[in-house]
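One structure is given here, and the rest of the page talks about it.
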Amino acid sequence: MSTEKAELGRLQTLLAQVGAGLDEYLRFEHADAFVNRAAWQPRLAQPLPRTGEGIDAVTRELVETLIPNGQPISKPGFTGYIVTGPVTASVLASAAASVASPARYLPTAFNLVEELSLEWLAELLGLGAMKGVYSSGGSVANLVGLGAARQHAFEKIGRDPALHGVDRAVRIYASEECHHTIQRSAGVLGLGRASVALIACDEGKRMRVDALRRALESDLRDGILPVAIVANAGATNTGAIDPIAEIGEVARAHGIWYHVDGAYGLPGILDPRVRGLYRGIEQADSVITDPHKWLGAAVGIAATFVHERDILERAFTQEASDYLEGTLEQSDADEPRIEHSMDDFGIPYFNYGLELSSPCRGVVVWAMLREIGAEGMRERIVRHNDMARELAARCRAHERLELLLEPTLSVCCFRYRPAGVDDLDEFNRRLHRRLVRENQYLPSTTRVDGRLALRPCFLGARTGEGQVEGLVDAILRIGAGLETELSDGGQNADTQL
Ligand SMILES: *Cc1c(COP(=O)(O)O)cnc(C)c1O
């Protein structure tokens, strides 16, 4: 069947079948997909079908083979990296938009909500009247913010870097805990990854402002053009928040673009206990956040905020093309009224970043905020920060657990301290591997001051009650087991340290 006729009038039934499969998935009773791969790999790894099998067969395969063998990310016990399963409002909104508004241009209900949701986010997250644009994730959102920074720095010396490129040595200042997408952005923007100066942090993993000043002054003496200073509002490794107001003062004193990376941590501003750490953020020139992290959206949604979007337009200009703007320019100038949604593009987000075609992302943010409101979001953020604090308290209370860094947000870095074992990194690596194989509590690891740390990041809308206790109990049980095996002579090859 080469048309969509098979589907006409059946979407409701088909979506209900997929929905039932997803409800089943959300019970989290299936085994890990990788463990189970013999059951699905041969079924899926098929040659290109010569003829179609029809929509019912596809739906069945989705429900029976793909969904049960998806990722563990949505599980309540998943606390690895900084990624989460989407909340229901996000799933519904994306499904609705994918059919009813496949792109974000044209002045439709979805285009309105794209802008409205950006305004809501700015208000929710303490950014005042800053204007935003969505993109696919923090990687692109940082690139968009730093593209504006590049534009700002070069326009000040009379050059349009988007048109002519860059012609001199530049510097971007970020802490040694910055996300590596800062370097990648510098690479993509033609500034060079090596142009990112990594500024030392204090013992709390916050940028040292004295070190920033020294690096900046030395570069200025050498004639290097500063492009941006980047602060973390929630470092990926530890959740640390750089001294935002102080760094902002340095940036302002030198007229340097100030970019704040709040991909993960910006929503932390909703927690009154840490709100003060974000003071001055509304004065940054660009700020990013990822609704697909702490706010619970499905992956594929970040936002970059600036004070005026003109600079984005200059940084990401695309030449007008006949098949888009060209058609509107030729429209009858005597009659500029908009009578159909195709008479106008609506807000031209495609001029503010990298993407022309792009899904409607605002509708997801709008739906999540409509569902639980600012207050519901605040409660969730506070709950996650509570979980990190509860875990830290348990580490302090137990002789076998060592807290490696006091949590600022919802990340807690700690490790197991066995008696009489020298290689703590190797011990904790083994412990982590065993924990993950049990498939219930799934943190990831990182390094804090060179030491291997277990690093749960409490982020999921489904995580809460009993999770910290369960995680700690599992770690203590596995750690004690490993200790016993070691003192029994390490017969088991897996226990050899
Ligand atoms: C996750 C993260 C990024 C990258 O975001 P993606 O959405 O994964 O592209 C950038 N900066 C920080 C601080 C992050 O935590």
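The values are calculated or read from the model by the stated rules, or taken from the named source; none is laboratory data. Computed from a predicted structure; not experimentally measured. All Cβ positions, glycine included, derive from the backbone under ideal geometry; neighbour counts span all protein chains shown. Protein only, heavy atoms only, side chains kept; ligands, DNA and RNA dropped before computing areas. Shrake-Rupley method; radii C 1.70, N 1.55, O 1.52, S 1.80 Å.
Would you mind finding the one in Ser101, Ser136 that is touching a strand residue (DSSP E or B) at 6+ places or on another chain (Cβ under 7 Å) and either within 16 Å of the ligand (Cβ to nearest atom) or farther than 22 Å from Ala315 by Cα (or both)? Even if it seems obvious, please write down each step before you answer.
Working: Ser101 fails: touching a strand residue (DSSP E or B) at 6+ places or on another chain (Cβ under 7 Å).
Testing whether each residue is touching a strand residue (DSSP E or B) at 6+ places or on another chain (Cβ under 7 Å) and either within 16 Å of the ligand (Cβ to nearest atom) or farther than 22 Å from Ala315 by Cα (or both) leaves just Ser136.
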Residue in the range 233-253 that is in a strand (DSSP E or B), out of contact with any helix residue (DSSP H, G or I) (no Cβ under 6 Å at 6 or more places or on another chain), away from the ligand (no atom under 16 Å from the Cβ) and at pLDDT 95 or above present: no
Would you check if Val83 is surrounded by 14 or more Cβ atoms within 10 Å (Cβ to Cβ), of a type in the set (Val, Ile, Thr) and part of a loop (DSSP other than H, G, I, E, B)? yes
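Looking only at the range 310-320, count how many residues are in a loop (DSSP other than H, G, I, E, B) and open to solvent by less than 30 Å² (accessible area, probe 1.4 Å).
Just the residues of the range 310-320 that are in a loop (DSSP other than H, G, I, E, B), to begin with: 316-320.
Then keep just the ones that are open to solvent by less than 30 Å² (accessible area, probe 1.4 Å); that gives 316.
Adding up the residues that qualify gives 1.
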Please work out which residue is surrounded by the fewest Cβ atoms within 10 Å (Cβ to Cβ), limiting yourself to the range 246-272 and to residues that are closer than 14 Å to Met207 by Cα and of a type in the set (A, V, I, L, M, F, W, C). Val250
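Among the residues of the range 281-291, which ones are open to solvent by less than 20 Å² (accessible area, probe 1.4 Å) and either assigned to a loop (DSSP other than H, G, I, E, B) or near the ligand (Cβ under 9 Å from one of its atoms) (or both)? Lay out the reasoning, then the answer.
Let us first name the residues in the range 281-291 that are open to solvent by less than 20 Å² (accessible area, probe 1.4 Å), namely 281, 284, 286-291.
The answer is Ala284, Ile288, Asp290, Pro291.
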Subset of the range 414-472 [crowded, with 22+ Cβ neighbours inside 10 Å and small (Gly, Ala, Ser)]: Ala453, Gly460, Ala461
When (1) away from the ligand (no atom under 16 Å from the Cβ); (2) surrounded by 19 or more Cβ atoms within 10 Å (Cβ to Cβ) are applied to His164, the one that fails is (2)
Residue check for Gly145: within 11 Å of the ligand (Cβ to nearest atom), modelled with pLDDT of 95 or more, touching an Asp or Glu at 6+ places or on another chain (Cβ under 6 Å) and small (Gly, Ala, Ser): no
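Do we find a residue being open to solvent by 30 Å² or more (accessible area, probe 1.4 Å), within 30 Å of Leu369 (Cβ to Cβ), in a loop (DSSP other than H, G, I, E, B) and aliphatic (A, V, I, L, M) anywhere in the range 128-139?
So far as the range 128-139 goes, yes, one or more of its residues are open to solvent by 30 Å² or more (accessible area, probe 1.4 Å), within 30 Å of Leu369 (Cβ to Cβ), in a loop (DSSP other than H, G, I, E, B) and aliphatic (A, V, I, L, M).
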